[in-house]
Amino acid sequence: MRRIFLGLAAVGSVLLVSPPAGACTCVPADLGRMLTNAEGAFVGTVLGMQRAPAGTDSVDYRFAVERVAKGDLGSEITVRTASSGASCGLEVGAGERTGLFVDRFGGSWVSGLCSRVDPDALLSVARGASSPTPLPGSSGWSTPAVVVLVALLWSMLVVGTVHMRRPA
């Protein structure tokens, strides 16, 4: 048992001192189902990005909407997302064209890396065609699922370390 906890402690310490890695993992999903479940979807081009209000680890992307696939979005939309791809935040540059599924949260449109898809694939699904393959690294794990998984692993490490320090 002690070896298991030492192993977990070693892995945890490596994770703590290692440079950030892409912790967000998305699995392919059915775009038709994603369209049904999303509150909005569009194809657009990134106009710019700015930090969200203080106290959040978020950024706001502004998009020029080329085509709405679902929802009442208008010609421009601001989408809030986590500040890095490792946290499942969007990773798009100014002028980049993309397809994006969005939802409302706290009065803002929100999205993430796993909700980003090929723009032509999104338009195809919106027209009723079969669900094409999403972009690599998109469509799947949600940020809350990743946070829960990391918290669970971290708590196992902490409990194991505390247990090892207790005298027998």
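The values are calculated or read from the model by the stated rules, or taken from the named source; none is laboratory data. Values in this document were obtained by computation on a predicted structure and should not be read as measured data. Note that we place each Cβ from the backbone using ideal geometry, even for glycine, and neighbour counts take in every protein chain shown.
I want to confirm something. Restricting to region 31-69 and keeping residues that are charged (D, E, K, R) and surrounded by fewer than 17 Cβ atoms within 10 Å (Cβ to Cβ), which single residue is farthest from TRP109 (Cα to Cα)? Walk me through it before giving the result.
Within region 31-69, the subset charged (D, E, K, R) is 33, 39, 51, 57, 60, 62, 66-67.
Imposing the further condition that a residue be surrounded by fewer than 17 Cβ atoms within 10 Å (Cβ to Cβ) reduces the set to 33, 39, 51, 57, 62, 66-67.
On the way: ARG33: 19, GLU39: 9, ARG51: 15, ASP57: 16, ARG62: 11, GLU66: 17, ARG67: 16 Å.
Only one residue tops the list, namely ARG33.
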Leading residue by the ranking (surrounded by the most Cβ atoms within 10 Å (Cβ to Cβ)) among those in region 89-103 that are within 15 Å of the chain's Cα centre (by Cα), modelled with pLDDT under 95 and not hydrophobic (A, V, I, L, M, F, W, C): GLY89
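Out of curiosity, is ALA86 modelled with pLDDT of 85 or more, touching a Gly at 6+ places or on another chain (Cβ under 8 Å), small (Gly, Ala, Ser) and in a helix (DSSP H, G or I)?
Working: modelled with pLDDT of 85 or more: yes; touching a Gly at 6+ places or on another chain (Cβ under 8 Å): yes; small (Gly, Ala, Ser): yes; in a helix (DSSP H, G or I): yes.
When the stated conditions are applied, ALA86 passes them.
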Which of the residues spanning region 33-63 are under 12 Å from GLU96 (Cα atoms) and either in a loop (DSSP other than H, G, I, E, B) or touching an Asp or Glu at 6+ places or on another chain (Cβ under 6 Å) (or both)? VAL43, GLY44, VAL46
